[in-house]
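Written out below as structure tokens is the structure these notes cover.
The values are calculated or read from the model by the stated rules, or taken from the named source; none is laboratory data. As the structure is a prediction and not an experimental result, all values here were calculated from the model. Here the Cβ is made from the backbone with ideal geometry for all residues, glycine too, and neighbour counts use every protein chain on show. Just so you know, the surface numbers come from the protein's heavy atoms only, side chains and all, with ligands and any DNA or RNA stripped out. Shrake-Rupley method; radii C 1.70, N 1.55, O 1.52, S 1.80 Å.
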Amino acid sequence: MLIRTDRSLTGRAVAGLLRTPASTSGVQKVLDDLVRNGLVDAEPAGRAKLYRLNRDHVAYPAINDLVHLREILLARMRAEAEGWKIPAVAVWLFGPSARGKAGAGGELDVLVVRPDMIDDADPRWLNQLETLSEHASRWSGNPCETREYSTSELKRFVRRGERLIADLRRDAIAITGSPPRQFLTRKAG
């Protein structure tokens, strides 16, 4: 949590920011270990100590990358999709991965919107989809499940009120192309 702020925090404040509950004493032990290793600076504040991440430490860039893995993955996927010879109308991440709830081994769910004039059997198109899926799996260590629909197919799903559309409206994150909520409105459909 210290990486997400420039403020100095007490051990109790750090414990309170954790996603999963942890004892204050357990957090204190970890912070003391990080101080001994130079990754965290501590300064007295009355009976407490205030902790701040040492951003000058040689390990800081690696720690920063670990905290921002999802953003790094999305940037790589965006660069891949934006380099396609046949551009997609949109590429979206959805499901647990988009909500930040996918665990180790969880699938990356990707939806690709194909232009209507491109045949779904076009080998160039299929190769792009396969390459994106393979690369995303390699980059993340998670299997990548890619769904692909034409613009017209997706608009039909919107008109019919398909469950997938509700899921996309709620969760989808644009990797490239049209934003999901804008594309999936009843007017657009």
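Can you tell me the relative contact order of the stretch 83-189? Whole percent, Cα pairs under 8 Å, sequence separation 6 or more.
Values: 158 pairs, mean separation 37.6, N = 107.
Value for the stretch 83-189: 35 percent.
Averaging sequence separations of C-alpha pairs under 8 Å and six or more residues apart, then dividing by the length of the chain, give the relative contact order as a whole percent. Write down the numbers at each step before the final one.
On the way: 245 pairs, mean separation 35.2, N = 189.
Relative contact order comes out at 19 percent.
Nearest-5 percent of antiparallel DSSP beta bridges in the stretch 59-181?
On the way: 9 of 16 bridges.
Roughly 55 percent of the DSSP beta bridges within the stretch 59-181 come out antiparallel.
Report the residue, chosen from THR176, THR146, THR131, that carries the largest GNM mean-square fluctuation when the chain is represented by alpha-carbon nodes joined by springs under 10 Å.
Of the options given, THR131 has the highest mean-square fluctuation.
Build a GNM of the chain with springs between Cα atoms under 10 Å: which of GLU134, GLU43, GLU80 gets the top mean-square fluctuation?
GLU43
Given +1 on the Cβ of Lys and Arg, -1 on the Cβ of Asp and Glu, and no further charges, what dipole in debye does the chain carry about its Cα centre, rounded to the nearest 20? List each step's numbers first, then the result.
Values: 30 positive and 24 negative charges, 197 e Å.
In debye, rounded to 20, the chain gives about 940.
Please work out how much accessible surface ILE72 shows to a 1.4 Å probe, ignoring ligands, DNA and RNA, in Å² rounded to 10.
Using a 1.4 Å probe on the heavy atoms, I get roughly 60 Å².
Mind checking the stretch 105-189 for trypsin sites (Lys or Arg not before Pro) that DSSP puts in a loop (not H, G, I, E or B) and that have at most 15 other Cβ atoms within 10 Å?
Details: sites: ARG124, ARG138, ARG147, LYS155, ARG156, ARG159, ARG160, ARG163, ARG169, ARG170, ARG181, ARG186, LYS187; in loops: ARG186, LYS187.
In loop regions of the stretch 105-189 (DSSP not H, G, I, E or B), the sparsely surrounded trypsin sites (Lys or Arg not before Pro) are ARG186, LYS187.
I want to verify the translational diffusion coefficient of the stretch 97-189 in µm²/s; compute it with Stokes-Einstein, Rh as the Kirkwood radius over Cα pairs, at 25 °C and 0.890 mPa s. Intermediate results must be reported in sequence, preceding the final value.
On the way: Rh = 14.2 Å.
The Stokes-Einstein estimate is 173 µm²/s.
Can you list the HN-Hα couplings for the stretch 74-82, worked out from phi with the Karplus curve (6.51, -1.76, 1.60; θ = phi - 60°), rounded to whole Hz and with x for Gly and Pro?
Residue by residue, the stretch 74-82 yields 4, 5, 5, 5, 4, 4, 4, 5, 6 Hz.
For the chain, set up a GNM with springs between Cα atoms under 10 Å and report which of ASN127, ASN37, ASN54 has the largest fluctuation.
Maximum among the listed residues: ASN37.
On a straight-distance basis, which aspartates and glutamates could pair with LYS85 in a cross-link, Cα separation under 18 angstrom, same-chain partners fewer than 8 positions away excluded?
Within the straight-line cut-off, LYS85 pairs with ASP116, ASP119, ASP120, ASP122, GLU130, GLU134, GLU148.
Could you state the accessible area per residue of the chain in Å², with a 1.4 Å probe and every protein chain left in place? Each step should come with its number before you reach the end.
Details: 11270 Å² over 189 residues.
For the chain, the solvent-accessible area averages 60 Å² per residue.
At 1.4 Å probe size, put SER178, SER23 in order of accessible surface, largest to smallest. Before the final figure, lay out each step's value.
Details: SER178 40, SER23 65 Å².
If we order SER178, SER23 from most to least accessible, we get SER23, SER178.
Report which label in (i) 21.2, 66; (ii) 21.7, 69; (iii) 15.0, 40 holds the value of Rg and Dmax of the Cα atoms in Å derived from the coordinates of this structure.
(ii)
May I ask you to list the aspartates and glutamates whose Cα is less than 18 Å away from that of LYS29, ignoring any residue fewer than eight positions away on the same chain?
ASP41, GLU43
Using the Karplus curve 6.51 cos²θ - 1.76 cosθ + 1.60 with θ = phi - 60°, what ³J(HN,Hα) values do you get for each residue of the stretch 158-173, in whole Hz, with x for Gly and Pro?
In residue order, the calculated couplings are 4, 4, 7, x, 4, 4, 3, 5, 4, 4, 5, 4, 6, 10, 4, 10 Hz.
Heavy atoms only, probe 1.4 angstrom, no DNA, RNA or ligands counted: give me MET1, MET117 ranked by accessible area, highest first.
Highest to lowest solvent-accessible surface, that is MET117, MET1.
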